[in-house]
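**Student:** One structure is given below, represented as structure tokens, and several questions about it will come after.
Quick note: the coordinates plus some simple rules give every number you see, no bench work behind them. No experiment lies behind these values; they were computed from the predicted model shown. Note that we place each Cβ from the backbone using ideal geometry, even for glycine, and neighbour counts take in every protein chain shown.
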Amino acid sequence: MSQHPDPAGTDPLASLGALAGRLTEAESLMRSVAVGAARETAALTAALNKLTARVDGLSPQAAKDVAKPAAWAQTATAKDWTELAGWVDWLAGAYDLQPSRAVLPCWPAHPGAVEELAALHTAWREASTAARAKELNHELADWHDRVHRCLPRLREAFQQRSCQDKHTRPRPGRPTDPDLLDAARKGAAPPAPTD
């Protein structure tokens, strides 16, 4: 066998050595990736096991304790009624409503009006809190749209129009009828226990 010189001038043994070095380097990198993947898989498995244990630990009673839908008046305490009446009185005074849109003092005697006003009050609390947030938002403006749609509906939809002549005129600054409010308080739910 005769040896012929390599036309490119490279030594085949040197090339083979360089290739073996690269193969060793690639094998080392693959081992590092495999070890890292195994560690991450172990960490994810441990996290999944913890979450599974937490979910398994939830009692079935917790699902039963979720509040069921109810009318506001069915769950309102005497304190809730007083807070709502104070807010309704504030609304009437702060917005200087036209007589056709004013909340009549007999509103506690009309379940539909009570529910509408309680919903408006809840929405107002959320909107006025959001309005003080640092991010710009439109919740308070949206609430104003709601209140101006709701007020005429109070008289039209909840028989307040026919009550208008059966009740005394509201005293300035206090439109809620105190006798009707007291009756609502007496039928109120007891206060919720505090922890």
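**Student:** Specify, per residue and in Å³, the volume enclosed by the convex hull of the alpha carbon atoms belonging to the range 14-53.
**Tutor:** Working: hull volume 1.0 nm³, N = 40.
Cα-based convex hull of the range 14-53, divided per residue, equals 26 Å³.
**Student:** In terms of Cα to Cα distance under 17 Å, which aspartates and glutamates are near enough to Lys50, apart from those fewer than 8 places away along the same chain?
**Tutor:** Answer for Lys50, where 17 Å is the Cα cut-off: Glu40, listed by chain and number.
**Student:** Provide the packing ranking of 116-123, 49-56, 142-149, i.e. peptides ordered by the mean count of other C-beta atoms within 10 Å per residue, highest first. Can you show the working numbers first?
**Tutor:** Working: 116-123: 18.4, 49-56: 9.1, 142-149: 13.5.
In decreasing order of mean packing, 116-123, 49-56, 142-149 become 116-123, 142-149, 49-56.
**Student:** I would also like to ask the following. Residue separation times 0.36 nm, minus the C-alpha to C-alpha distance between Arg54 and Thr122: what's the value?
**Tutor:** Between Arg54 and Thr122, full extension yields an extra 21.1 nm.
**Student:** Suppose the chain between Gln98 and Ala133 were pulled fully straight at 0.36 nm per residue; how much longer would it get relative to their current alpha carbon spacing?
**Tutor:** 9.5 nm
**Student:** Also: What list do you get for Trp90, Trp124, Trp81 if you sort them by fewest beta carbons within 10 Å?
**Tutor:** Fewest-to-most ranking of Trp90, Trp124, Trp81: Trp90, Trp124, Trp81.
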